[in-house]
Amino acid sequence: MPAPIVMPSQSGIDVPSVINKLIELERSPLKRLEEDNKRNEIRIKAWEELRTRAKKLSDVSRDIYSFTGPFTQRKILSSDEGAITGTVSPNVDQINQKIQVLQLAKYHKIHSRKIHKDEKLPEATFSILVNQKEVQYNFKGGNIQNLEKLIRDKSNHIDVSMVQVDKEYFILTITSKISGNKGKLEFKDPNNLLKNLEIVGNVGKKEEKEEEIEFSPENFKENIEKIIINKNQFSFSELEKVSYDFSQKENITEIYLHWNLDIKTLQENTTNTKEKIYVGPEIKNQINGIELIAPQIERERITSQQEPPNQDQERVGKIILYYLSSGTPKQKEIILNPKQRDFSFNFKEQENTSVQINAIEFSKNFEGIFTLTKLKVKKEIEDQTVFGPMHEIDPPQDALMLINGVQVSRSSNENLIDIIPGASLNLHRTTNYEVELKVEYDIQKIKDKIKEWVNQYNELLQFIKENDKFNRDQDFQVNRSSNPNERIEDGLRKLEDSSGIFAGDPIARRLVSTLARITGSAYPTKLNPSFKTLAQIGISTGQPGSNWQDIKQGLLILDEAQLENVLKNYPESVKELFALDKNEDAVVDDGVAYKMYEELSPYVKFSGGIITTRIDLLKDQIKENKKIIYNKELSLGRKEEMLRKKFGNMESAIQNNKSMGKILQNKLGIKDE
């Protein structure tokens, strides 16, 4: 209920001013609470900033020794970075590989004939195939611009564009977005639209089809009664050789055979040798006391020696393939031994073409059963529903490399992760020589991370020191008012206003001490040379002989030249200074970066952390002050209402008394002088 309106003063007292002064006097403690809240809000921002800066230092400390940190990142050092570059995973320690780049992978790129800008193209349906993915297009008819837009808007695996060759004619170009042979462009063109535009050619797509041979008895040359045939298999035991003629086995790209050898005994091999013998009687004669022996007749004869069977003998038979390669008769001999059970041969790779198989011959030199369990061939056939291009700008091409004398191919030039385990390679150009690849630390990344660590450390320390200045020139008593009734807190506020927010605060002081202890301590090492302190790698609070006022600030100074030198020569020792696994359990448990992270953790935690607890206390104090202010304002509102009512009643009473006096004067005939 609003306070009553105070009537114009009848008592001569400035009632509104009196009420305002009374209320303002009682509101003065609330102003101090409001000022305290403003101060606390500033303190909260300062503590939040301190926590943020400490968190940044904590995070970069953790980054230094984490499994993704700079000391785990290595790079490939290439003897020719213009030809090959790459990166390696953290677990790769050593790589020493030589690679020659024979050719780079290319994107398939084709073009059409010259097409007039006003040429009317009929309605048609066609498809473009890339990497076994088919996209179908329904063309409604129109000009070349309409066709180009249709292909461009719907395709994810190709790029399409038009080249204006003159004022009237365009050429359409199509480029695969997938490099290498797997990015080859192929087309389905049932309405011959693409064929008329000379985008596709007349030759259908060639593909390989696998076929398992089913043996026909009439194709065997030997006594068929001694050969057991069961569709895709046959076996023989009594024969030493079996030949099989093929009919219409053309365009063969690969052959695969599988067999079983049931060896009982190997055939006895005899070896002929020459042996000297003497024939005729032995005659002794005495002549003049000398005994003479008649010469014997020397002869030679052939003897035979049987070799024992040997189940581990390498040659127990052979298979011979007879085929035509580009019209030239050739043969391929396969040696049988008990340890081998199958054989495959790729004619396309060896002959660079498909072949025609004429016959196959099997022979054995053991007693037992030879069984051919499987004979498969791959044939190259032409699919007349899928066509290749008519005009190629760049044919599809895989990258070819020579590694340790072995030729390998890949469909891409980038991110080759299966050439060297743990490495990703990028090919940039071909070479006539071998490019040597080695692994080394990425010194620049390590250096940058340490510089960041030093900067974060200095920013945190500088922030604390700037807000920890205590104004010692002003005595606390001097700041107090001469008014003995003024509260002592007023003098304290003036002193705080002239000092820093963290002045004398134990948390800030302890944090500064912790930072100085971590960066100034010595740490255990296992390597040689050992770096036990930061000063040994170029990080200190100042060189000997520096100004003491600068040194005692505690800020770190980085000698980049010294740091770079030790990193280049002893990166493992520098790593050990920042992060050390003392007990070799694959977990870091010592070092500058590790200690910094561990020591800062209680300060920077958002739940239950030291700084967070201080911030929460300040927030609670603000909340409590606001509650007090709110309740006090309600009380003052009621008191102001009461005062207005009392003063209103007083003025009313005075007004009534004056009115009654005038009435009495009038009745008594008394006139005002």
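Observations on the structure shown:
- When the residues of segment 112-157 are filtered to those that are β-branched (Val, Ile, Thr) and not in a strand (DSSP E or B), the one that is farthest from Gly183 (Cα to Cα) is Ile144.
- Elements of type strands (runs of 3 or more DSSP E) contained in segment 213-314, each with 2 or more residues being modelled with pLDDT of 85 or more and on the phi < 0 side of the Ramachandran plot: 227-230, 233-236, 241-245, 252-266
- Number of positions in segment 536-555 that are of a type in the set (A, V, I, L, M), crowded, with 18+ Cβ neighbours inside 10 Å and either closer than 28 Å to Asn467 by Cα or modelled with pLDDT under 80 (or both): 1
- Of the residues making up segment 409-417, none is among the β-branched types (Val, Ile, Thr) and not assigned by TED's automatic domain parsing to the domain that holds Gln100.
- Filter result for Glu207 (more than 22 Å from Glu382 (Cα to Cα) and at pLDDT below 90): no
- Hits in segment 576-589 (condition: modelled with pLDDT under 90 and not hydrophobic (A, V, I, L, M, F, W, C)): Asp581, Lys582, Asn583, Glu584, Asp585, Asp589
- Pair list, Cβ < 8 Å and 6+ apart or interchain, from segment 160-174 residues that are in the same structural domain as Tyr137 (by TED's automatic domain parsing) and under 12 Å from Glu198 (Cα atoms) to residues that are among the charged types (D, E, K, R) and in a strand (DSSP E or B): Thr173/Lys109
- The residues listed here are Gly637, Gly591, Gly661, Gly608; of these, the one that is free of Cβ contacts under 8 Å to residues at least 12 places away in the same chain and on the phi > 0 side of the Ramachandran plot is Gly608.
- When segment 500-545 is limited to residues that are part of a helix (DSSP H, G or I) and basic (Lys, Arg), the one that is nearest to Asn569 (Cα to Cα) turns out to be Arg517.
The values are calculated or read from the model by the stated rules, or taken from the named source; none is laboratory data. Since we're looking at a predicted model, the values are computed, not measured. Ideal geometry is used to build each Cβ from the backbone, glycine not excepted, and the neighbour counts take in all protein chains shown.
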